[in-house]
Every structure is written in structure tokens, then in C-alpha cells.
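A.B. asks: Just passing along the structure, written as C-alpha cells.
Computed from the coordinates by the stated procedures, all read-outs in this text should not be read as laboratory data. Just so it is clear, the structure is predicted and the values come from calculations on it, not from any experiment. Cβ placement follows ideal geometry from the backbone for every residue including glycine, while neighbour counts extend to all protein chains displayed.
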Amino acid sequence: MTETEKLIKAKIPGEETGIEVKHSLCDICTPGLHCGIDVYVKDDTVLKVEGTPGYPGSGGKLCTKGASNRQYLYRKNRIKTPLRRIGERGEGKFEEISWDEAYKIIAERLNGIKKEFGPESVAWYTGYTKWFRPWLHRMAHSFGSLNYGTESSVCNTATVMAWQSIAGRQFRGDLPRNSDFFIGWGCNTMVNSYSQARGLFAFKERGGKVVIIDPRDTPTTQKIADIHLKLHPGTDGALAWGLAHLMIKNGWYDAEFVAEHVHGFEAYKEYAEKFTPEETERITGVSAAKLREVAQLYGQAKQASTYLPSASITHHVNGFNSMRAMISLQVITGNVDKAGGEVPMYTDLIYADCGFKTMQHDFIESRRPADCKPPIGTGKFPLWDVLVDEFHAMDLARQIEEGTPYPVKAVMAFGLNNRMFPEPDTILKALDRLDFLVATDIVMTEACRHADIVLPACTSMERSELKAYGGGFLNCTQQCIKPLYEAKSDAEILCDLSRYLDLGDTLMEKGYEETMKYIISNLSVSLEELRDSRLPLRMKEFAPHKPGELREKGFETPTGKLELWSELIASVGEGRTDLHPLPIWSEGFDAASEEEFPMTLIAGARIPNALHSRLHEVPWLRSLRRIPSVDLHPEDAARLEVKEGDRVTLASASGEIEVGVHITAAGLPGDVYMYHGYEEADVSRLIPKDHLDPYTGFPGYNQVRCKVKKVGVK
Amino acid sequence: MKQVMFELDSEKCISCGACAVACMDQNDIDPEVQVPFRHVHTLETVENGNVFYTNISMACMHCTDAPCVQACPKGCLSKDPATGLTVYDNTGCIGCHSCVMACPFGAPTFSAAGKMMKCDGCMTRREHGMEPACVRVCPFDALKLVEVEDASENKWDKVMKRLRQTGSGK
């Protein structure tokens, strides 16, 4: 081996090796993170990735998932060209066609359906991730439809809605810079967000106290928590009420703040009365003594901040009320709109609370159509209707099947994943009834196999994109390599398609680069400057809102106060017995019989090497946990006479899968944990399709009655 | 260069596997055809109803008195005098597996072509001022390559103590 060969093998960048380092971001998980990556490229091929040193948030590190970006990019099942279906729906028989042919077919079909059934009969849908959503949203508008819908029908929106119902807008924990107390509800940050976990370690070094609420022992409960409340799944709301009871009874709350800024305290106080420590212990399994300890620490903290997750709590059918009950504790302790407590969020570019404005709002709103039929699902979740500018994906299958109140004939989809939907066969069956389905994706998926036209999208390393971060930062990533095969970026596909659809959207028709320029046209920075910088640049326009402003001006609620009793819910919930202005407590189980299904299934609790279904086919990650397995408590394993690696069937009232066994005492006896998104063992089959939170429409993935049986035993 | 060793802070490690994946990315390992160099494990113990995890990330331990060096009939393995790392040149490797049989940790692995490969502490990267890939990625700085004189024995001691408890079923 020559010296140069040795250097190339070790992937040392430089002139001698011809290896260049380009700057992109990891788009595998949430836009709340999107860690910076250095991409090592030679001859238009990615050789490896590393975290970008000094990057906002990530600081040069990566998680398990992010470290796999190269293999994620070069997955074997990448879609290579546009495809036209020649077999039956679901069969997976396609012929390759050109982009021009694909666009012509799509434009002809969509415009035809629009002419016959109206623009709202075409639904524009996107799954994960979220980077091109402004383009899709504008496209739906330009087409003349409000039927823009996303995977946010099951992610994060419920948390935002809970905040909106109480405070008029979302707040976030100012964690944990200025606090002395931190409470993480359903928080396993060491696995899900290392950057936040690093912040918590630093917080603890400064003497901060950390309480974690989780039904499992996790790395976070073990290595960060000072106190871990290991409650029964789905009882977070009752636990919050139990804390409220003690805080009110002992005066561990901010009476002055409540008198000045809070609406509905009397009703709240009255409802809290029944959640005595003993009653709370009965419901949650958390000892009265531990409850008292936490209530006092929390109530007497100078500043308390929280972690309120985007999924784990709200993936219960009582999750919205649990979330409200958790937020209510921050209200009564006077920690809302306060440095070190909860600070208001003013989200802009792709959900980033970045502290400056872009033209995103105008980009979407300037094309909003007038006199449209209301979005799919309207009326089903009335609070969603008034708070969320998207159709609700959990009602899509019904409306396609029933055609009421109006028909949906086509879906133009990006990253549509049937495994996200409870009883996923239901959405597939509905999609098969459409006149026309387009599925855009990076890899061939089950949903793609049901489409009439399939379009190949690309990963973050194959495109350039705008990305904003907290603290006033903006990035425009470098395209590291040309897209593989004939793939294009989702936003580019939308811009191309706008020309073929002939919608008169002159900006989109100019192409993706011009739309990006428009989005930052109010800022004193150019795309070139952003792309030339190794790190995101801090905008001159950075002007963050100061906490406390809303206390002075009044909160953006009907009463101008923080509403423990939500007047918004009181008005939209009129005539609905399942919607209550107070975050009242109820059980979160499905309707199945406890006798037949004595165990509790928690579907989707995170593991380090997976994210939904997108990483199951990445061999580096799959090698860390090869077999889809259910986590069983040793006591349950003994009773069922199964050992590590055995096969079991996991069944609920709606379905059954066969999986491997992993024995761990992390959870409580009787609770079983199963990760989602496996094609060969899709746990969403076990989630009943009507098991939805009435406020938000979020499925109760995390609490379903189930049973486990050893394979081969009757 | 001074004598170096890998150090793991088991208090910070969560066995997330980022190190194992970064190692596979650096060394072009396909886990479907070759055993990776680095592995993570979570060992669980239950004491008085409380659960404890011991988290481990392991690759070649770069033993001072490395049995693999003695075992190889072709002399492929050696101790790097400058760093103390166990390094190799597999040009002469005949794929006899003597090294892995001698290794108490089963660290050496074999490529699809049957040639021995293993962790060399990312020698070439280090010569160019870069950390080993596994260390570079670790989100909690739990895994480090440290100079032997700076190493705190106490970190491995903690891991070993927990391992002994796990092993004895306590």
C-alpha cells in the first residue's frame, strides 16, 4: 500500500487524497435537532460523515442514527427513476418513465380531477421529515385547496395545542440555563437528544435538581435523574393532579401570580381536591412519600422548567389532558413567561424558534385560496379545526371511503407511510380506492407499491436547504454530491410540478433556488454567503422576544389570562361530552376487555438505533438490534415460560404480530414495550383505528390492552 | 507519541452504539458479512427491586502483553512501540483464526476475503491530528483515547466491579 493509498483508506481529507469535506445536516430526525454534519466526499461519492465542530446545538457530535448517514444515503432499496404502475395496486410492478412523462401524467390527472370534483378533492400530504413543508403547503394553496396534511397529525401538534388552549401560544422550557429545578415528563433525552442531555449534565453540575417521569428505567432516569417517578403508563395526568393537590394544600404555589394572571383557578382547585396522595398513588403507582417530596421541591423552586415531549405523553387518548395538567403546574407555580421557566415560542422557518423572521409566512399565505371547502376531517376534532391549519390525517381513510362531506379522489404524497396509521391496512385499502395516487419517497415502501406514479426523492446530502436554529442562526447547506440515480429534492419536484400544473404560481415556476432566495429576501444575507460558511451564521435581524412581555400585554387567550379552564374548549366543545374545559383525568385504555387482554402495550418507546421505519433497513443500525423484539418484564417472562430470544405472539383486539423476546426489568410487570415500523412485525396493527384522543385526534399508541403468548403454546 | 489506551466512563456511556456505527463508517464494515470491530452491551442487574444498567463499549483492548501477537504464525500483529497500540499488517494473513482464538475478548475479525482486521486505534487519523472515529462521535464523551499516564484506573475499575456483580448474579 502506498502512502497515498493508506491516507485514502483512512479517509484523510486534503489535496493528496482528493477528499473534500462538505457541510450538510442530518435530516434523519426532528427539525428540533438537525445536527450539522461534515461529509467526506471523493469523486462525487460520500466516504464518511462526522459531526461539524462548533455547530449550534450538536457541537460536533452525532447520535447513533446520525452516524449512519452514509448508509442511509446508499440504501439498497433507493428508488432510481420515476415509475408508472403496470401491475395491480400493491403488487409492486412498475415501469421506468422519464421525469417529463411523470410530470405530464400527474398534471393531466390532477387537473382533470380538479375540473370534475373541485380542487379540494386532491389531498397534498407529507410524512417525515419536515424540511420542505412550506413548499407543499404553498402548492396546495396554489392548486386551490386547503387540503394540506402532514405526519404532524400524530406528532408534536398536540403539545402545541395544549399550550395554545392554556396560553394562546406554545412555550418551551428555558432549560436549564437559569432554572434550579427541571421536570422531564416522558423524557429519555439521553437516547433522543444528546444535546439536551449534555445541557442537563451541566445543569446538575451547577446544583440543579432533575426529576424524570417515566414508566421505564432508562439511561436518563439512571444517569441524570435525582428522582425518578416510575408511574403506570398513561397516568401522567393523574400524577400532575396529585402534585397540584399537594401544592395547593401546602401553599407551594404562586398565589400572587395566580390572582393576577390565571383564569379558572377555583374550578381547578376544586377538581384537584380528590387527588389526595393516597388516591394518586392508587392510580399511578407512585408512592405518596415520593409525590410529597417532588411537590415540595417543585413548588418551592425559584425557577422550574420542563420538558414536554412531542409524542410520548400525547400518544395516549387521554394525552391532551395529561399535557394540559402538566402545563397547569407551570401555571400555578408562576413559571410561565419567565426566564428559567417557560419562555414563549415564536416559530418561523420550518418550526424553528430562531428569533428572527423569514418570508415563510408570506410564502404560504400569499397563495391561500378563498371560498374553499373546509379541510378533510373538519368537525371530527373541533379543537383541531380552530387551531391547526392542516387536514387531519386520521380522518383521511374515512373520507376517501365514504366520500363525505365531499369526495377525495387523489393524493399527492411525499413520504406517506401507512405504518404511522393505526390498523395500517385501513389506509392502504382507502388509498386503493383513489382515482390517482402519487408517492414520492427516497426508498421503495409498502405505500409506494400502491401508487400510480412513484417519484424518487433524495437525502439531505444530495440537496441544498435552508435551516434555521435557535439563537438567531441560519444555514444554507451545501449539496455534497449530485442526487443518486435520477432522484430530486422534494422541493425541486414541487417547483417543477407547478410549471406542468400551470397554476400561475410564477415564483414556484422560477424554480427551487429562486424560492429559497424569496424566503430569505427580508434578511441581510445571501444564499452564497450562507453556503460558503462552515457554520450557520447569526442573523443581524436576530431579535428574540423577552420572557415577561406577555404577562404585561396579556396572554393571547379569550380572557387574556392563562386559562386553567379553557374558554376556547368551552366554546368549541359545546354539545360534546368528550371535551372539557378543565384537563380532567380519565383512563387511557382502549375498549378491549381487561380479562382477555390483561397486559399493556406501549408501542414506539424509543430505541437508540431506529427512527420510525426509516432506519430498519440500514445494516449498521439493524446490527445493533437485529430482531423486532418485545421488551418483557422478568416476572411476566417467568409466568409465560419464555426466555430471551424466544418467539411470542403479541395481540390486541385489533391485530396480532409475531416477535422476538427481550427480557428486561426496565418497565413494570404487565407492561410490554414494542418498537414500531417493522414491515415483518408492524405493531401499528395492534392499535385500534378509533383509539384516538378526542381533542387532538392523536392515536393512543402508548396504551393498548394486549396479551402475549409463547409461539407454539395453545 | 506517548503510550495510549482507550478509557470508558461507564457513568456516561448508554450503549447507544454511535461509536460502533462510526467505526463501521470509518472502516467500511458491512455487518452482514463481517463482525464489526466495536460492540456495545447493556448489562442489567436488579438489586432490591431497583434496576441498574452497566453500559459497555468494547473493541480491541490493546493488551500490554497481547496474546494475539504471540499467536499469529505469520507475524501480522505487533505492538506499536510509540503508542502501545496493537497494530497489524494483514498482507501475509492466511486466515487461520489463531489470533481470535488467543484473544480473551474475541476482538480480531475477518473480512469477506478471510483477512484479519481489527481496531488499530485509528492510527492514521491520529497521525493527522484526528481522534479515533469512535471517540470523535461519542455524544457524551464517554469513550476516550488517553495517554496512559493520565488514565484514571478508577473508570475501568467501576466497570469491572459492576461486571463482577453481574457475573455472580448479585
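A.B. asks: Given the options A:589, A:612, A:569, identify the residue whose Cα lies farthest towards the positive end of the charge dipole of the stretch A:532-667 (+1 on Cβ of Lys, Arg; -1 on Cβ of Asp, Glu).
C.D. replies: It is A:612.
A.B. asks: In whole angstrom, and with the biggest value first, how far do the Cα coordinates of the stretch A:136-206 range along each principal axis?
C.D. replies: Largest to smallest, the principal-axis extents are 55, 27, 19 Å.
A.B. asks: So, R0 is 30 Å and r is the distance between the beta-carbons of residue A:626 and residue A:587; what FRET efficiency does that work out to, to 0.05? Each step should come with its number before you reach the end.
C.D. replies: On the way: r = 36 Å, r/R0 = 1.20.
E(calc), rounded to 0.05, equals 0.25.
A.B. asks: For residue A:532 and residue A:101, calculate 0.36 nm times their separation in residues minus their Cα-Cα distance, and state this gained length in nm to one decimal. Let's see the in-between values first.
C.D. replies: Working: separation 431, 0.36 × 431 = 155.16 nm, distance 3.61 nm.
Here the answer is 151.5 nm.
A.B. asks: Say the dipole of the stretch A:52-208 comes from +1 at the beta carbon of Lys and Arg and -1 at that of Asp and Glu; which of A:110, A:86, A:144 then lies farthest toward its positive end?
C.D. replies: Final value for the positive-end residue is A:86.
A.B. asks: Classify the stretch A:225-316 from the C-alpha gyration tensor, please: rounded if a/c falls under 1.5, else prolate or oblate depending on whether a/b exceeds b/c. Mind showing how you got there, number by number?
C.D. replies: Details: a/c = 1.41, a/b = 1.34, b/c = 1.05.
Since a/c stays below 1.5, the shape of the stretch A:225-316 is classed as rounded.
A.B. asks: Follow-up. Return one quarter of the surface area of the convex hull spanned by the alpha-carbon atoms of the stretch A:322-382, equal to its mean projected area, in nm².
C.D. replies: Numbers: hull surface 27.9 nm².
Seen from a random direction, the Cα hull of the stretch A:322-382 projects 7.0 nm² on average.
A.B. asks: In whole Å, largest first, what are the principal axis extents of the Cα atoms in the protein assembly as shown?
C.D. replies: Principal-axis extents of the Cα atoms in the protein assembly as shown, largest first: 84, 68, 66 Å.
A.B. asks: Further, regarding this structure: If each residue's Cβ is checked for other Cβ atoms within 10 Å, how do A:120, B:11, A:423, A:552 rank with the fewest at the top?
C.D. replies: Details: A:120 25, B:11 13, A:423 22, A:552 7.
Ordered from fewest to most neighbouring Cβ atoms within 10 Å, A:120, B:11, A:423, A:552 come out as A:552, B:11, A:423, A:120.
A.B. asks: Is there a quick way to get the dipole size of chain A? I mean about its Cα centre, with the Cβ of Lys and Arg at +1 and of Asp and Glu at -1; what is the value in debye to the nearest 20?
C.D. replies: On the way: 85 positive and 99 negative charges, 287 e Å.
Around 1380 debye, computed over chain A.
A.B. asks: On a full-extension model of 0.36 nm per residue, what is the gain between residue A:543 and residue A:226, subtracting their alpha-carbon distance, rounded to one decimal in nm?
C.D. replies: Values: separation 317, 0.36 × 317 = 114.12 nm, distance 3.57 nm.
Extra length from residue A:543 to residue A:226 when fully extended: 110.5 nm.
A.B. asks: Based on Cβ point charges of +1 for Lys and Arg and -1 for Asp and Glu, what charge dipole magnitude is obtained for chain B about its Cα centre, in debye rounded to the nearest 20?
C.D. replies: The dipole magnitude comes to about 320 debye.
A.B. asks: What ranking of A:689, A:274 emerges when the number of other C-beta atoms within 10 Å of each C-beta is taken as an exposure proxy, fewest first?
C.D. replies: A:274, A:689
A.B. asks: Could you tell me the extents of the stretch A:238-384's C-alpha atoms along the three principal axes, largest first, rounded to whole Å?
C.D. replies: 56, 35, 27
A.B. asks: With a Förster radius of 41 Å, plug the Cβ-Cβ distance of residue A:91 and residue A:115 into 1/(1 + (r/R0)^6) and report the FRET value to the nearest 0.05.
C.D. replies: On the way: r = 30 Å, r/R0 = 0.73.
Step by step, r from the Cβ atoms, then E = 0.85.
A.B. asks: Then there is this: Under 5 Å between amide hydrogens, which residues at least 5 positions from residue A:97 or on another chain qualify, with H placed 1.01 Å from N in the peptide plane?
C.D. replies: Sorted by chain and number, the residues that satisfy this are A:83, A:84.
A.B. asks: Of A:209/A:467; A:61/A:204; A:22/A:467, which sit over 23 Å apart, Cα to Cα? The partial results should precede the final answer.
C.D. replies: Numbers: A:209/A:467 33 Å; A:61/A:204 21 Å; A:22/A:467 16 Å.
Over 23 Å apart, Cα to Cα: A:209/A:467.
A.B. asks: Less than 17 Å apart at the alpha-carbon level, and either on another chain or at least 8 residues along: which aspartates and glutamates does that give for residue A:76?
C.D. replies: Those aspartates and glutamates meeting the cut-off are A:441, A:446, A:462, A:486, A:617, A:679, B:25, B:28, B:30, B:32.
A.B. asks: Can you tell me which lysines have their Cα less than 17 Å from the Cα of residue B:79? Leave out same-chain residues fewer than eight positions away.
C.D. replies: B:2, B:118
A.B. asks: With a/c under 1.5 counting as rounded, go ahead and sort the stretch A:65-192 into rounded, prolate or oblate using the C-alpha gyration tensor (a ≥ b ≥ c being the square roots of the eigenvalues; past the cut-off, prolate if a/b is larger than b/c, else oblate).
C.D. replies: Here the stretch A:65-192 falls in the oblate category.
A.B. asks: What is the spin-label model distance, in nm, from residue A:273 to residue A:205 if the labels are put 7 Å beyond Cα along the C-beta direction?
C.D. replies: About 4.9 nm, to one decimal.
A.B. asks: Using the beta-carbon distance between residue A:74 and residue A:1 and R0 = 25 Å, what value does 1/(1 + (r/R0)^6) give for FRET efficiency, to the nearest 0.05? Working shown, then result.
C.D. replies: Numbers: r = 25 Å, r/R0 = 0.99.
Efficiency for this residue pair is about 0.50.
A.B. asks: Another one. Going toward the positive end of the dipole of chain A, with +1 on Lys and Arg Cβ and -1 on Asp and Glu Cβ, which of A:318, A:31, A:8 do you reach last?
C.D. replies: Working it through, the farthest residue towards the positive pole turns out to be A:8.
A.B. asks: Now a separate question. So, with +1 on the Cβ of K and R and -1 on the Cβ of D and E, and no other charges, what is the size of the charge dipole of the stretch A:120-215 about its Cα centre, to the nearest 20 debye? Walk me through the numbers before you get to the answer.
C.D. replies: Numbers: 10 positive and 6 negative charges, 61 e Å.
Charge dipole, the stretch A:120-215, about its Cα centre: 300 debye, nearest 20.
A.B. asks: Then there's this: By how many nm would the segment from residue B:33 to residue B:112 grow when fully extended, if each residue of separation counts as 0.36 nm and the alpha-carbon distance is taken off?
C.D. replies: 27.8 nm
A.B. asks: Using label points projected 7 Å from each Cα along Cα→Cβ, tell me how many nm separate residue A:499 and residue A:443, to one decimal.
C.D. replies: Taking the simple label geometry, residue A:499 and residue A:443 are separated by 3.2 nm.
A.B. asks: Continuing with the same structure: If I model the stretch A:20-102 as equal point scatterers sitting on the Cα atoms and use the Debye formula, what is log10 I(q)/I(0) at q = 0.20 Å⁻¹?
C.D. replies: The Cα Debye sum returns log10 ratios of -0.87.
A.B. asks: A follow-up question, please. If you look for lysine pairs in the stretch A:251-400 that are eight or more places apart or on different chains, how many of them have Cα atoms under 29 Å apart?
C.D. replies: So the count of such lysine pairs works out to 9.
A.B. asks: Sticking with this one: What is the distance in Å between the Cα centres of the stretch A:178-195 and the stretch A:580-658?
C.D. replies: A separation of 24 Å, based on Cα centres.
A.B. asks: Still on this model: Please compute the modelled spin-label separation between residue A:482 and residue B:61, points set 7 Å along Cα→Cβ, answer in nm with one decimal.
C.D. replies: Output for this residue pair reads 5.1 nm.
A.B. asks: Which order results if A:216, A:606 are arranged by neighbouring Cβ count within 10 Å, fewest first?
C.D. replies: On the way: A:216 22, A:606 15.
Least to most surrounded, the residues fall as A:606, A:216.
A.B. asks: May I ask which of A:9/B:115; A:93/A:409; A:230/A:689 have a Cα-Cα span longer than 20 Å here?
C.D. replies: Details: A:9/B:115 16 Å; A:93/A:409 22 Å; A:230/A:689 29 Å.
Correct reply: A:93/A:409; A:230/A:689.
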